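Any read-out appearing in this document is the output of simple, stated calculations on the displayed coordinates, not a laboratory observation. Everything numeric here is computed off the predicted structure, so don't read it as measured data. Cβ: placed from backbone, ideal geometry, glycine included. Neighbour counts: every protein chain shown.
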Amino acid sequence: MLGWAVINGLSLGGIYLLITLGLALVYGVLEIPDFAQAGLYVLGAYLVFSGMTYAGLNYVTSLLVSIGLVIAIGLANERFIYRPAQRKAHGSLLVIALGLLFVLDNTALLIWGHEHKTISIGKLVGKTLVFGEISVSYTRVFAMVIAGVLALIIHFVLMRTKTGDAIRAIIQNREGAILMGIKIGKIRSITFAISCTLITIAGSLIGANLSIYPYMGDYIIVKAFGAVILGGMGSIFGAAVGALIIGFAESFGATYISPAYKDFFAFVIIVLVLIFRPWGIFGTRERIG
Amino acid sequence: MLELEKITKKFGGIVALENISFQIIENEILGLIGPNGAGKTTLFNIITGLYRPDRGKVIFDNQNLCKLPVYRIARRGIARTFQTTKLFFNLSAEDNIRIGCEVMGRIPEDQDIRNLLSLVELESKRKKLVHQFTCAEQKRLMIALAVCLQPKLLLLDEPTAGMSAEETLETLEMLDNLRKDGTTILLIEHNMRAVSKICDRVVVLNFGKLIAEDSPGEIMKNQKVIEAYLGEENVLVA
Amino acid sequence: MIEKKFSSITCLLLGAGGLVSIAPLFIGQYFLHIIIMVSIWVLLIVGLNFVVAMGYNSICQAAFYGVGAYTAALLTLRVGTPFWVSLILGMFLAGGAGFLIGYPAFRMRGHYFAIVTLAFGLILNLLFFNLNTITGGDRGLTGIFPPFPFFSVVWYYYLVVGFALAAIFISHKLFKSRFGRQLVAIREDEDLATQIGINTKKCKLTCFSVGACFAGLAGGLMVHYINFIHPEFFTFGYSFTMLIGVLIGGAGSTIGAILGTGIAVGLPEIFRFAGQGRYIILGIVLIVTVSFLPRGIAGTIVHYFYQKKSRGE
């Protein structure tokens with residue numbers, strides 16, 4: 001039981017990690033609570049599915065093509081919807097993001113319908129890894145590994161590259177970064193592109209492990225945002241930790257208490273954090289909305 | 001009327017106020033001066049309840065205000081203005097005042113509103129939207145908004161900043177009239193001429209500490225005060 | 001102040017009341033049905049309008065709708081209480097939920113507040129789905145009937161439209177009152193409102209609870225009309241659609257709420273031929289409106305006339 005809860009926690013946490021990282025980066029750099037990422041998540045998953053099912057592409061190719069498409073849509077959103085709205089400096093960015101999510105969700109519903117779809121990654125189907133009493137499917141292991149690898153890559157990019165430095169500078173001190181000559185526009189686009197990539201991969205992983213349906217983004221984005229808040233605004237590392245905490249809470253709750261209420265635990269944590277410690281684990285008091 | 005007892009406030013590692021104790025006597029105009037960053041606005045924020053002090057009490061009408069929420073302190077009769085203009089910019093001057101008056105429970109007549117606005121010479125512009133006013137007019141409206149709460153204690157944060165000599169004189173006259181009507185005033189000011197003209201007493205802060213408390217005349221001669229301001233240009237005018 | 005232009009709303013309401021009373025003589029059952037459904041949405045949107053008028057976007061109105069609906073349904077079905085009792089208890093329980101959720105939620109502002117309401121809404125919806133033994137879960141509950149004479153469509157029509165008109169009247173009176181002006185103050189600058197002595201916490205909780213009450217009442221009315229309840233009626237999608245209506249119509253005025261109802265109900269109907277695409281259109285209209293007319297349609301018009309009046313002097 002414990003083993004299963006841990007494995008589940010890791011794989012769920014891993015996928016949440018990818019989405020949360022993307023969301024945290026976008027929120028930190030662009031200051032947009034971009035709930036529309038959920039829509040891109042759904043769209044990305046469906047595109048990978050379609051690429052494999054209708055165009056006969058293999059997983060990797062389909063994934064790459066989908067990433068490209070999602071980045072295109074994401075950048076268009078940023079450029080034509082968020083940027084002009086931000087210039088007018090009014091507080092309804094969340095509503096606009098939700099509006100976009102609404103549009104994207106229903107677009108997915110329109111194109112692909114209600115039925116749940118799944119992705120089968122050829123080489124991984126049907127094989128399981130067994131140790132002790134626990135057997136874990138290759139797909140699940142794949143998800144965990146990919147999530148881990150990507151987290152490390154992101155860590156590397158953020159800590160060791162010039163772009164990463166610029167991103168961190170903007171998150172910590174926007175005005176200062178601008179004064180130092182960092183090109184905000186370019187970094188915005190790069191951040192968005194990174195986030196879109198992470199989210200499409202996450203979508204495909206969920207598609208391989210569970211299933212894809214049009215509204216799956218809604219719950220996940222609330223959890224991801226909860227993870228960002230739990231970790232603390234402005235802390236990318238905190239967001240990652242938050243994602244893992246939520247993944248584990250959900251997994252343990254589902255295993256030991258009730259599977260039907262698995263989402264419940266994640267939401268309750270979020271509500272509790274928002275009420276009692278809205279600046280999260282690694283955040284500081286002043287940085288609240 | 002109001003007593004501050006050992007007020008201390010820290011922000012992280014920075015001590016904004018340390019052991020501030022003084023009294024405001026009923027019906028006086030007390031000046032609060034000090035170089036920038038001395039903690040004057042922080043003190044206002046503590047009195048009005050925006051910040052809670054780490055230590056100390058604010059006693060008004062025999063009650064410690066520090067436990068009360070901001071709106072309750074306002075309703076007890078302490079009103080304030082702000083250094084950066086804070087008004088309902090998208091509403092008319094008239095509506096700003098109307099909302100202020102209604103807080104105390106009564107619905108003001110048109111005439112009441114006009115009276116209040118004429119106090120600050122804005123009666124003719126009462127229907128104009130606040131964002132269309134000049135800076136000085138907005139500052140006067142802030143005072144009117146504070147006054148319409150019928151406060152016993154009025155906290156004014158640099159009311160004459162950016163005003164011409166003439167406007168300053170008008171504002172000072174208005175403050176004197178308010179005092180005659182029974183209001184007590186605590187005044188943050190950088191304009192020393194204004195301070196010496198209108199204040200009965202002056203309290204001086206520097207780096208969060210109270211360094212002097214005396215009449216305006218004496219304050220100007222006070223060695224510690226002069227030293228505190230030495231870095232500032234020509235603030236002390238004989 | 002803000003609503004001076006529309007003081008003729010009382011006349012409009014009386015006129016509407018008159019029309020409403022004689023309408024069944026001329027319209028068929030199908031149109032009466034439509035008016036009933038629209039009236040239920042009026043209750044929902046007018047209720048939501050109070051909160052959004054202060055600048056707080058609430059995304060859980062459908063959850064309160066659900067609380068009222070399930071309470072009323074269960075009371076009628078399982079406990080056998082009279083119709084009115086079910087309705088009123090449903091309303092109060094929803095209002096209570098509003099108070100309980102609002103109390104912690106209003107410690108936050110802006111999008112943090114919205115996210116908390118979103119989370120609470122999702123939690124409630126989860127409960128509706130999963131507390132099978134009580135709520136019937138995914139199978140829903142059937143057989144919820146109103147008493148004589150309200151199982152006749154015409155009578156129910158009078159009932160629901162009556163409530164809707166009352167709601168509009170209450171909303172109108174509220175926005176013209178001292179309380180209404182305090183809501184405007186909170187929207188314009190909440191910190192300043194607090195500083196001049198407005199008890200913002202009380203205002204916020206009142207609006208949220210009353211809005212939830214309206215939603216709860218709508219829930220009770222809806223359930224006894226279609227005689228069926230299912231958790232699918234109370235999802236985030238509906239909460240968001242209601243918010244869309246309020247934001248496009250214009251929060252802070254009764255006219256805005258009415259317009260908002262029209263949009264939330266009307267747009268999907270007009271574009272019914274587009275199937276799921278109609279929600280895409282709704283979403284796009286929202287994005288465009290919020291970006292260019294942040295006060296909503298009615299709000300922008302009202303503000304335009306307000307500014308015009310100010311230039312008169």
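General remarks:
- For the residue pairs B:Lys127/C:Lys308; B:Lys9/C:Lys202; C:Lys173/C:Lys309; B:Lys139/C:Lys176, the alpha carbons lie more than 18 Å apart in B:Lys9/C:Lys202; C:Lys173/C:Lys309; B:Lys139/C:Lys176.
- Cα centroid separation - the range C:88-109 against the range C:220-287, whole Å: 22
- Max mean-square fluctuation residue, GNM over chain C, Cα-Cα springs under 10 Å, options C:Gly102, C:Gly249, C:Gly110: C:Gly110
- The distance between label points at A:Ile281 and A:His155 comes to 1.4 nm (points 7 Å beyond Cα on the Cα→Cβ vector).
- Taking the helices alone, chain C has a mean residue ellipticity at 222 nm of -24500 deg cm²/dmol, built from -39,500 (n - 2.57) per DSSP H run of at least 4 residues and averaged over all its residues.
- When the Gaussian network model of chain C links Cα atoms closer than 10 Å, the mean-square fluctuations of C:Val265, C:Val223, C:Val79 top out at C:Val79.
- The charge dipole of the range A:130-185, taken about the Cα centre with unit charges on the Cβ atoms of Lys, Arg (+1) and Asp, Glu (-1), comes to about 220 debye, rounded to the nearest 20.
- DSSP beta bridges in chain B [antiparallel fraction, %, rounded to 5]: 55
- Placing unit charges on the Cβ atoms only, positive for Lys and Arg and negative for Asp and Glu, gives the range A:17-215 a dipole magnitude near 540 debye about its Cα centre.
- Summed over qualifying helices (DSSP H, 4 residues or more, each -39500 (n - 2.57)) and divided by its residue number, chain A shows a 222 nm mean residue ellipticity of -24000 deg cm²/dmol.
- Surrounding net charge for A:Tyr41, when Lys and Arg each add one and Asp and Glu each subtract one, Cβ distance under 12 Å: -2
- Which of C:Cys213, C:Ala298, C:Leu25, positive extreme of dipole for chain C (C-beta unit charges): C:Ala298
- Label point 7 Å beyond Cα of C:His33 along Cβ direction - residues of the range C:228-256 with amide nitrogen under 17 Å: C:228-229
- Straight-line reach from A:Lys186: taking Cα to Cα under 26 Å and skipping same-chain neighbours fewer than 8 places apart, the lysines in range are A:Lys88, A:Lys162.
- FRET E, pair C:Leu131, B:Arg193, Förster distance 56 Å, beta-carbon r, rounded to 0.05: 0.15
- Interchain or long-range residues, amide H under 5 Å from C:Ile59's placed H: C:Thr117, C:Leu118
- Shape category assigned to the range C:2-236 from the gyration tensor of Cα positions, a/c cut at 1.5: oblate
- For the pair C:Ser8 and B:Gln63, a Förster radius of 41 Å applied to the C-beta separation gives a FRET efficiency near 0.25, rounded to the nearest 0.05.
- Ellipticity at 222 nm from helices only: DSSP H runs of n ≥ 4 in chain B, each -39500 (n - 2.57), divided by the residue count, give -10500 deg cm²/dmol.
- In this structure, the pairs whose alpha-carbon distance is over 28 Å, taken from B:Lys86/C:Lys201; A:Lys117/A:Lys262; B:Lys125/B:Lys180; B:Lys6/B:Lys180, are B:Lys6/B:Lys180.
- Highest-MSF residue in chain C out of C:Leu75, C:Leu192, C:Leu243 [GNM, Cα springs under 10 Å]: C:Leu192
- Cα centroid separation, the range C:21-81 to the range A:216-262: 34 Å.
- Relative contact order of chain B, pairs being alpha-carbon contacts under 8 Å that are 6 or more residues apart, as %: 26
- Between the beta carbons of C:Arg109 and C:Phe292, assuming R0 = 35 Å, the FRET efficiency works out to 0.90 to the nearest 0.05.
- Selection from B:Ala146, B:Asn90, B:Leu68 lying farthest towards where the dipole of chain B points positive, charges on Cβ: B:Leu68
- Normalised size of the protein assembly as shown, defined as Cα radius of gyration per 2.2 N^0.38 Å with N residues, equals 1.06.
- The distance between label points at B:Arg72 and A:Gln172 comes to 4.2 nm (points 7 Å beyond Cα on the Cα→Cβ vector).
- In this simple spin-label approximation, B:Ala165 and A:Ala76 carry label points 7 Å from Cα along the Cα→Cβ vector, and these lie 6.6 nm apart.
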